[in-house]
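Values quoted throughout were computed directly from the atomic coordinates according to the rules given, and no laboratory measurement underlies them. Note that this is a predicted model, so its numbers are computed, not measured. Because the Cβ atoms are built from the backbone with ideal geometry, glycine has one as well, and the counts that use them run over all protein chains shown.
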Amino acid sequence: MKRVDDFRLKFGKKEVVPIIIGGMGVDISTAELALEAVRLGGIGHISDAMVQDVSDRRFDTEFVKEKTKFYKHNIDNSDKSSVQFDLGRLAEATKLHVGRTMEAKRGDGMVFVNCMEKLSMNSPRDTLQVRLNSALDAGIDGITLSAGLHLGSFGLMADHPRFRDAKLGIIVSSVRALQLFLRKTARLNRLPDFVIIEGPLAGGHLGFGMDWAQYDLATIVAEIAQFLKTEQLDIPLIAAGGIFTGSDAVSFLENGAAAIQVATRFTVANECGLPDKVKQEYFKASEEDIVVNTLSPTGYPMRMLRNTPAIGAGIRPNCEAYGYLLDGNGSCAYITAYNAQIVIHPDGKNISVPDKTCLCTHMRNYNCWTCGSLTHRLKDTTHKLADGRYQTLSAEHIFKDYQFSVDQQVALPI
Ligand SMILES: Cc1cc2nc3c(=O)[nH]c(=O)nc-3n(C[C@H](O)[C@H](O)[C@H](O)COP(=O)(O)O)c2cc1C
């Protein structure tokens with residue numbers, strides 16, 4: 001019987017254990033978590049979501065304070081279109097976050113950074129260009145393009161000296177999205193080094209509509225594998241979403257995937273950035289507690305726990321401090337929804353915004369409990385302690401369980 005450890009993900013001569021811990025913003029997939037994957041010979045992701053805030057927390061910088069001070073005059077203005085990011089500061093924060101992570105790297109694995117296109121930051125092209133190139137400057141091993149079609153993203157890096165040597169890949173949820181990406185990047189004569197295929201059971205934003213339940217990861221992987229074969233393209237495929245055991249992983253590795261990307265199991269790792277209190281909520285969740293809704297201002301459906309504090313909250317938009325989701329015109333669906341409530345309740349008190357959520361502030365404060373669809377099984381991966389809490393696990397334990405387990409078994413911690 002095969003185990004994940006019988007397989008390797010190959011990038012030219014470089015071989016890694018085919019387990020990738022997915023990017024989880026905002027700083028849920030911490031550098032510590034990613035570095036454990038690297039030490040164990042796999043791939044770990046950090047995320048550049050809200051990188052200025054992450055840098056402030058990691059390195060005591062004051063990027064957020066500085067930006068808030070600069071735009072203080074606008075805080076009571078319902079129009080946020082004037083709030084911009086200073087590109088120099090954005091580069092600095094990205095280089096710090098990525099650079100310090102790379103300096104701490106030990107072991108044979110690799111560190112990638114997850115870059116979401118939907119973080120349009122009131123100037124989509126310029127800010128994405130700075131984020132991507134700064135990560136390359138800081139020595140990142142690879143970049144995973146996510147949350148968007150990224151039709152121009154390779155072009156934004158094409159002049160960087162590391163454009164052809166760093167591992168660059170994209171997350172897609174359909175063969176059509178991949179075809180579009182390949183068509184748009186063809187002129188650069190540079191294929192992606194990997195393609196992550198994320199199915200409908202993943203955490204975070206979904207690359208599907210609210211009809212997500214009609215799709216199935218194995219089918220999409222087979223379709224994309226067939227497309228690449230027809231086109232005679234040799235690109236490693238990485239399956240993601242709902243892969244809960246080593247045996248689940250092996251079935252993908254035996255059917256056309258070169259690696260698997262996982263996240264949910266690691267949300268309860270000691271090294272994961274979620275506060276302990278939130279990890280306990282993930283453990284406690286039952287299947288009925290896991291919902292997919294349209295509260296994210298990005299327009300993508302998002303999976304989260306039903307008791308997420310972010311749901312229905314009516315906090316004032318905090319774009320002067322954050323503003324990561326402002327589109328190219330300086331608007332965000334949460335601001336629109338919030339302003340509509342202000343018209344009804346002009347005093348601004350006891351506001352509840354039912355249809356959208358302020359993702360920046362809530363993700364930053366770990367109050368948006370996004371999760372994968374198999375979160376309700378986390379309780380079966382550990383011990384319940386005498387006080388009713390569940391024991392969190394080391395990332396090493398979870399990683400090795402994926403790597404070595406057979407027969408749908410999940411090893412409990414000691
Ligand atoms: C808490 C959480 C946050 C996530 N955040 C992101 C993110 O910021 N960007 C992204 O591309 N994917 C995100 N994902 C998706 C994961 O990277 C991964 O591809 C997916 O969840 C794998 O499925 P699994 O959770 O069933 O193992 C997130 C997943 C979880 C559970």
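What's the exposure ranking of D211, D141, going from fewest to most Cβ atoms within 10 Å?
On the way: D211 9, D141 21.
Ordered from fewest to most neighbouring Cβ atoms within 10 Å, D211, D141 come out as D211, D141.
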Viscosity 0.692 mPa s, 37 °C: Kirkwood-radius Stokes-Einstein D of segment 65-194 over Cα pairs, µm²/s: 205
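Where does segment 17-77 land on the Kirkwood hydrodynamic radius, alpha-carbon pairs, in angstrom? Could you put the intermediate results ahead of the total?
On the way: mean 1/r = 0.0761 Å⁻¹.
This gives a value of 13.1 Å.
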P(r), alpha carbons of segment 333-400 - 10 Å bins starting at zero, rounded %: 16, 29, 23, 18, 14, 1
Reachable lysines, given that their alpha-carbon falls under 20 Å from the alpha-carbon of K72 and they are not under 8 places away in the same chain: K80
Cut-off 19 Å, label 7 Å out along Cα→Cβ of R57, residues of segment 172-215 by amide N: 203-205
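Once you charge only the Cβ atoms, +1 for Lys and Arg and -1 for Asp and Glu, what is the size of the charge dipole of the chain about its Cα centre, to the nearest 20 debye? List each step's numbers first, then the result.
Numbers: 46 positive and 48 negative charges, 80 e Å.
Roughly 380 debye, rounded to the nearest 20.
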Residues in segment 59-88 that a label on R100 would reach, taking backbone N under 19 Å of a point 7 Å out along Cα→Cβ: 59-67, 88
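Can you check what the net charge comes to around G12, using other residues whose Cβ is under 14 Å from the Cβ of G12 (Lys, Arg +1; Asp, Glu -1)?
Within the 14 Å Cβ shell, the charges total +1.
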Farthest positive-ward along segment 286-402 dipole, Cα basis, beta-carbon charges - from P354, C332, Y366: Y366
Euclidean distance of C-alpha centroids, segment 66-96 and segment 186-234, integer Å: 35
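Please report T267, T61 as a ranked list, fewest other C-beta atoms within 10 angstrom at the top and most at the bottom. All intermediate terms of the calculation are to be shown ahead of the outcome.
On the way: T267 26, T61 19.
Ordered by Cβ neighbours within 10 Å, fewest first: T61, T267.
Cβ under 11 Å from C272's Cβ, C272 left aside: what net charge do those residues give with Lys, Arg +1 and Asp, Glu -1? Please list the in-between numbers first.
Details: positive: R265, K279; negative: D27, E32, E36, E271, D276.
Neighbour charge sum, excluding C272 itself: -3.
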Approximate spin-label separation D216-A386, in nm, with each point projected 7 Å along Cα-to-Cβ: 4.7
log10 of Debye I(q)/I(0), alpha-carbon scatterers only, for the chain at 0.11 Å⁻¹: -0.79
Segment 231-297: Rg to Rh, with Rh as the Kirkwood radius over Cα pairs: 1.08
